[in-house]
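Notes for the one structure printed next.
The values are calculated or read from the model by the stated rules, or taken from the named source; none is laboratory data. Worth saying up front: this structure is predicted, and the values here are computed from it rather than measured. No Cβ is skipped: glycine too gets one built from the backbone with ideal geometry, and neighbour counts run over all protein chains shown.
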C-alpha cells in the first residue's frame, strides 16, 4: 500500500505539471530491497523484502506548439538551455519561453539570463525583428547578435529537479557537453511529454489496487479478531 501511495504521488505530480512547457514526465518502478533493523527478519527467521521505489524521468521529445512569438524557442532533439542564476550557478531547462529585459538581454520568465555561445545574448536597440536560424544563430537584419546553444549529459536521468522546474546537477555534477548540431524552432514551444489521459487511467488503476489491498487487510483483521475471540473462550 505504501508503494501504491508513492506511485499515486508520482502520477499526481505528472498531471499537475502536464501543462508546463518542456516538462518531462516521471515513472516509477519497484524492486525488492532488504530493510534494515530487527524488523527485517520474518516470523520464520528468513529476511523479509520490501519494495523500493525507483523514480525515473523520461526525456522523450514533447510535441511542438506554435506561438508566433519571436523570442519563443523549442528544442528539436536532445539538449537543455543553460540559464544563469543571480548567484552565478547554471541551471538547465527545456522551456524556451524567453523575453527581453530592460537591457534587451534575452531572459526567461523568472528573469534568468539565457546563456548563448559567447555568454548572454543582447539585442540591438532598434535593430529590427529578431530572426533565428534552425541552428540557433540569431540575427537582426544582417547583424548576428548571438547564438543559442544546448548542452547534453551522459546520464540526464541523474539530474534533479529544482524550484522553478529547472534541472540541476546533483552534488557530484556530471560534465555537460555542447550539442554539436543543435536544432531550434523559433516562434514555438515544446509541450510536456505527458499524456494526461493515460495518467488518469493509471491513477484509477492504482486507486483500485489500493482499495483491494485495504479489503484484504480488513479481512485479515476480522479473521484475527475471531481467532482471538475463540482462543479467549477456550
Could you please give the count of residues in region 65-90 that are surrounded by 21 or more Cβ atoms within 10 Å (Cβ to Cβ) and either outside the structural domain of residue 119 (by TED's automatic domain parsing) or within 17 Å of the chain's Cα centre (by Cα) (or both)?
-> 6
From the list 106, 159, which one is surrounded by 14 or more Cβ atoms within 10 Å (Cβ to Cβ) and modelled with pLDDT of 95 or more?
-> 106
Taking the stated definitions as given, is residue 183 modelled with pLDDT of 80 or more and either closer than 30 Å to residue 5 by Cα or in contact with a helix residue (DSSP H, G or I) (Cβ under 9 Å, 6 or more places away or on another chain) (or both)?
-> no
Set 49, 20, 56, 94: member being at pLDDT 85 or above and over 16 Å from residue 191 (Cα atoms) = 56
Residue among 216, 206 that is part of a helix (DSSP H, G or I), touching a residue at least 40 places away in the same chain (Cβ under 8 Å) and over 16 Å from residue 93 (Cβ atoms) | 206
Answer with yes or no whether residue 180 is in a loop (DSSP other than H, G, I, E, B), surrounded by 19 or more Cβ atoms within 10 Å (Cβ to Cβ) and either out of contact with any strand residue (DSSP E or B) (no Cβ under 8 Å at 6 or more places or on another chain) or without any contact (Cβ under 8 Å) to a residue 12 or more places away in the chain (or both).
-> no
Answer yes or no: is there a residue in region 166-173 that is farther than 14 Å from residue 90 by Cβ and surrounded by 14 or more Cβ atoms within 10 Å (Cβ to Cβ).
-> no
